[in-house]
Amino acid sequence: MLKNLVSVCVAVSCLAWHPALAQDDAPAPKPEAKAGPRPAVTLDSMFGTYFDQSNGLIRLDEYDIAFAPKDTFKASVAVTDADGTVIKNFPFFEDYRFREGVFAKAMVQGPADVTLTEPGVYNIVFIIDGEIASRLPVVLEETSAGDDPFNPEKTYRYYGLWGVYGFLTMGQTNDTDWPQLNFWVGSRDLAEGKDKDMFFVTLERDGEVIGHSKRTQGYISNEHYRHVDSKIYKPHDERHSPNAEALTIEEWTKDGTYSLNVSRKSDNQLIRRFGFTVVDGKIQELPATKLGFEPRMDYIVPRVVKRGGNRYEFLPATWLKSE
């Protein structure tokens with residue numbers, strides 16, 4: 001059955017990922033069946049999969065499931081190549097670790113490791129109740145051919161949608177909502193030959209800078225993509241940074257065209273540009289975050305698990321796409 005399902009995945013071009021994938025041009029969402037939304041794995045938790053920075057190892061562990069089945073969880077996760085060939089397949093435990101409303105945390109039966117050494121496109125495909133629920137496309141590239149006699153080991157790294165998506169969550173300051181930008185940075189965001197850098201974020205509305213991050217915050221390290229967040233303040237110079245005033249929600253919801261620009265501090269090279277529009281005081285959502293989006297396996301759940309808390313709970317998230 002798994003092989004047939006993956007063949008369907010190939011038929012709808014789910015393996016042909018590219019950073020410029022134009023999901024915004026997707027057809028209008030179809031209404032969900034009366035039975036309710038089908039299960040989906042959150043993109044945020046898929047991004048949390050362990051990818052080794054050097055040897056091509058993938059370790060599949062635990063994932064957050066939206067619209068999780070109420071009874072036994074019958075699911076598996078497969079790693080496939082660009083032709084749809086299943087390299088390895090691992091079942092999930094049938095019992096959830098946690099459950100909160102329509103969400104549940106499910107664990108893969110380990111050890112669930114795959115080491116890839118052939119550069120190319122791969123997919124991590126999640127099968128729930130016999131149907132493809134979600135998938136994460138990744139690209140493996142070789143970073144060293146191992147032809148240095150003093151360092152003969154081949155090395156690899158992964159890249160993919162971490163460099164495409166980010167999201168906004170809502171923080172608070174003085175009882176006022178304060179949007180926070182969340183995204184991922186990694187070694188591929190560094191200039192060639194560099195092993196570290198910093199990033200700086202500016203927010204533009206209709207081409208005018210209305211806010212930015214602090215210049216002393218935002219670190220890029222020479223490792224696989226990691227989650228970072230950035231707070232945006234009203235424009236200020238560096239000496240006034242300790243007393244910078246938060247750019248609160250009213251400045252983010254005036255009608256217009258917005259752009260969150262992330263640049264490397266060392267050379268001002270733009271590494272992300274998250275664009276969005278505000279109409280009638282509301283940030284317009286990506287089509288991929290709406291129920292009924294097709295292909296279903298690329299639906300992005302508009303919720304993320306709350307980080308740093310001691311409870312299993314979820315926050316609304318406004319997903320953004322880098323242009």
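The values are calculated or read from the model by the stated rules, or taken from the named source; none is laboratory data. None of these values were measured; they are calculated from a predicted model. Ideal geometry is used to build each Cβ from the backbone, glycine not excepted, and the neighbour counts take in all protein chains shown.
Please state which one of Pro316, Pro287, Pro295 is closer than 24 Å to Ser213 by Cβ and either at pLDDT 95 or above or in contact with a Leu (Cβ under 9 Å, 6 or more places away or on another chain) (or both). Break it down stepwise before answering.
Working: Pro287 fails: closer than 24 Å to Ser213 by Cβ; Pro295 fails: closer than 24 Å to Ser213 by Cβ.
Checking each option against the conditions leaves just Pro316.
Residues in the stretch 256-305 that are of a type in the set (A, V, I, L, M, F, W, C) and assigned to a strand (DSSP E or B): Leu260, Val262, Leu270, Ile271, Phe274, Phe276, Val278, Val279, Ile283, Val304, Val305. When you scan the stretch 173-222, how many residues do you find that are within 21 Å of Phe51 (Cα to Cα), hydroxyl-bearing (Ser, Thr, Tyr) and either assigned to a strand (DSSP E or B) or modelled with pLDDT under 95 (or both)? Going through the stretch 173-222 one residue at a time, the tally reaches 2. Scanning the stretch 198-215 for residues that are within 15 Å of Arg264 (Cβ to Cβ) and free of Cβ contacts under 8 Å to residues at least 40 places away in the same chain gives His212, Ser213.
Inside the stretch 223-245, can you point out the residues that are more than 18 Å from the chain's Cα centre (by Cα), outside any strand (DSSP E or B) and touching a residue at least 40 places away in the same chain (Cβ under 8 Å)? So that I can check it myself, show each step before the final result.
Pass one, the stretch 223-245, residues more than 18 Å from the chain's Cα centre (by Cα): 231-245.
Among the residues that remain, those that are also outside any strand (DSSP E or B) are: 232, 234-245.
Hit for the stretch 223-245 is Ile232, nothing else.
Conditions (1) aliphatic (A, V, I, L, M); (2) within 15 Å of Gln53 (Cα to Cα), marked per residue:
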| site | (1), (2) |
| --- | --- |
| Ala106 | yes, no |
| Glu142 | no, yes |
| Tyr158 | no, yes |
| Gly163 | no, no |
